[in-house]
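Reviewing the structure listed below.
The values are calculated or read from the model by the stated rules, or taken from the named source; none is laboratory data. The shown structure was predicted, so the numbers you read here are calculated from the model rather than taken from an experiment. We place every Cβ from the backbone using ideal geometry, glycine too, and count neighbours over all the protein chains shown.
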Amino acid sequence: MRIELELEKRSNQHRFEFYGEGLPEVDLEELHGRLIVVEGADSVGRSTQVSMLKPWLESNGHAVLDTGMTRSALAGKGIKQAKEGLTLGPISLALFYATDFADRLENEMIPALRAGFIVLTDRYIYSLIARAIVRGLDAQWIKSVYGLALKPDAIFYLRASVPELVPRVLGRRSIRACLWRGNTESGRGCLLLLGRQRRSIRAGERIQSRSAQHRRRGVL
């Protein structure tokens, strides 16, 4: 498989780099693992691909850590609660996601890479940067925030058209529950969230375009 061949080819000359200043006191020479990113829009199938790729890599003798957005012990739960309450502005939300990423990078990804693991991540900084830009934040500022990130070994970007994504997103159980609750207070809040989701879908093509630009330019 292409992934296996690529990992073997780079094994003797591999060395990680940060996009910017990086995390302090991290010796890149100690990182012997590999970082693989699976990117793409909501409901495009990232989790499905990660769930298939992880056991395949493990069956070929690799130790694998899988991670993804909002999974950090420090900030993951808080992000989910804040999104449910619709309480955060774009800057606060962007910094909350950056905190989540930094915590996972320092306490999960880098230790795993140091131990020689393959780190398989469902989304990375590209979606976070693209989302922040679409929401009106300054491009250079948000890129500098994620200067602490490592450059991955491979990025797999899953694409689907916005018309294909709309029914998938609207078919989620959480969205159907919003519609069922109707006129209750929680229902109105959830319908507001649904409105945001629809606007997010309409912004999908712009996000995909931004992500493609970041990949071509090396992101930062």
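A few points about this structure:
- Contacts under 7 angstrom Cβ, first residue in region 50-76 being touching a residue at least 24 places away in the same chain (Cβ under 8 Å) and assigned to a helix (DSSP H, G or I), partner surrounded by 13 or more Cβ atoms within 10 Å (Cβ to Cβ) and hydrophobic (A, V, I, L, M, F, W, C), 6 or more apart: Val50/Val38; Val50/Leu120; Leu53/Leu120; Lys54/Val64; Lys54/Leu120; Leu57/Val64; Leu57/Ile118
- Some residue of region 42-55 being at pLDDT 95 or above, under 16 Å from the mean Cα position of the chain (by Cα) and among the acidic types (Asp, Glu): no
- The criterion of at least 1 residues that are modelled with pLDDT of 90 or more and under 15 Å from the mean Cα position of the chain (by Cα) is met by the following helices (runs of 4 or more DSSP H) wholly inside region 81-135: 90-104, 125-134.
- Search result, residues across region 136-148 that are in contact (Cβ under 8 Å) with a residue 40 or more places away in the chain and either under 15 Å from the mean Cα position of the chain (by Cα) or assigned to a helix (DSSP H, G or I) (or both): Ile142, Lys143, Ser144, Val145, Tyr146, Gly147, Leu148
- Residue in region 150-166 that is part of a helix (DSSP H, G or I), modelled with pLDDT under 95 and touching a His at 6+ places or on another chain (Cβ under 7 Å) present: no
- Some residue of region 84-93 being under 21 Å from Ile110 (Cα atoms) and crowded, with 18+ Cβ neighbours inside 10 Å: no
- Unmet requirement for Phe117, which otherwise passes all of (1) farther than 28 Å from Trp56 by Cα; (2) out of contact with any helix residue (DSSP H, G or I) (no Cβ under 6 Å at 6 or more places or on another chain): (1)
- Residue within region 51-63 that is surrounded by fewer than 19 Cβ atoms within 10 Å (Cβ to Cβ) and under 19 Å from Tyr97 (Cβ atoms) present: no
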